[in-house]
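**Q** Here it is, the structure, as structure tokens.
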Amino acid sequence: MKEKKEWGWHLAAIVVVGIWGLTFISTRVLIENGLTPQEIFLLRFLMAYVGIWFISPRKLFCHNWRDEGWMLLGGITGGSLYFLTENTALEVTLTTNVAFIVCSTPLLTMLLFKLFYRGEKSGWQLTAGSLLALVGVGLVIFNGNFVLKLSPLGDFLSLAASLSWAFYSLIMRQMSGRYSTVFVTRKVFFYGLLTILPVFAFRPWQFPLSSFAYPAVWMNLLFLGVLASLVCFAAWNVILKRLGTVRASNYIYLNPIFTSIGALFFLNEPLTPFALLGATCVLLGVYLAGKK
């Protein structure tokens, strides 16, 4: 019975990661329409923060300042720092470099989990499945064109984004038993918004308000703000609690598969045999890593 209930959460994890895989396409469309990465982040988290107040308890602060500090770190690692480093890396290095390094997040999460929770064992299936999925991610991303261009700054930013999300996963594990999922998610949105504001002192807002009337702009912003942020962040925090930090994080390997499928339908980018082989490796790896 417990395994049957868990499959529902496994399916939820796939849906959430699938939606996050499509956010790359929406972000790309918005950038092509003139929005900068920090402007996109501010708008999507602002919409999510306003929306979550309708379902969140009116409690403003945590039980103590230590937990409030953990929430601040959650807003930085899962919000401002993650998105800023990832999107800035896309401006200074190859997309394939960024995508491949960021998709190493589950491995980093597993290593951090072993470092901070040494009493809990992961097992050979989790390690083997993670490595197999990472190989599959490489095949999907490089798509038969194995080109790596070293860019110290871009690769460092990509690794920083990956580490940031790994720490966010561990922070959510720490907070999940103390507060409701909706409350935790709302605090993450708030501190993510708060900590992105200093960036505008160096890169001021430049997007004209009149351009919000374009369907390509407001429709993609709604997708990113309401579905990908408000709904998916809340759902992901529950999934981390139900499946465990390491097992849930392995579903991030599916991200480039959904991005490739979305690019096929929306951007007319073809799927090669390398991508299909990579997708098979990812699916087998995630299944192996998800088994007890």
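The values are calculated or read from the model by the stated rules, or taken from the named source; none is laboratory data. What you are looking at is a predicted structure, and each value in this text was computed from that prediction instead of being measured. Neighbour counts are summed over all protein chains in view; Cβ atoms, including those assigned to glycine, are modelled from backbone coordinates with ideal geometry. All accessible areas refer to the heavy atoms of the entire protein, side chains included, with ligands and DNA or RNA removed. Shrake-Rupley method; radii C 1.70, N 1.55, O 1.52, S 1.80 Å.
**Q** If you scan the stretch 196-219, which residues turn out to be surrounded by 13 or more Cβ atoms within 10 Å (Cβ to Cβ) and of a type in the set (Ser, Thr, Tyr)?
**A** Ser211
**Q** Yes or no: the stretch 157-173 includes at least one residue that is surrounded by fewer than 22 Cβ atoms within 10 Å (Cβ to Cβ), at pLDDT 85 or above and in contact with a Pro (Cβ under 8 Å, 6 or more places away or on another chain).
**A** no
**Q** For a quick check of your reading of the model, give me the residue pairs whose first member lies in the stretch 174-189 and is closer than 16 Å to Leu42 by Cα, whose second is open to solvent by 10 Å² or more (accessible area, probe 1.4 Å) and of a type in the set (Phe, Trp, Tyr), with beta-carbon atoms closer than 6 Å and at least 6 apart or on different chains.
**A** Hits for this filter: Phe189/Tyr49.
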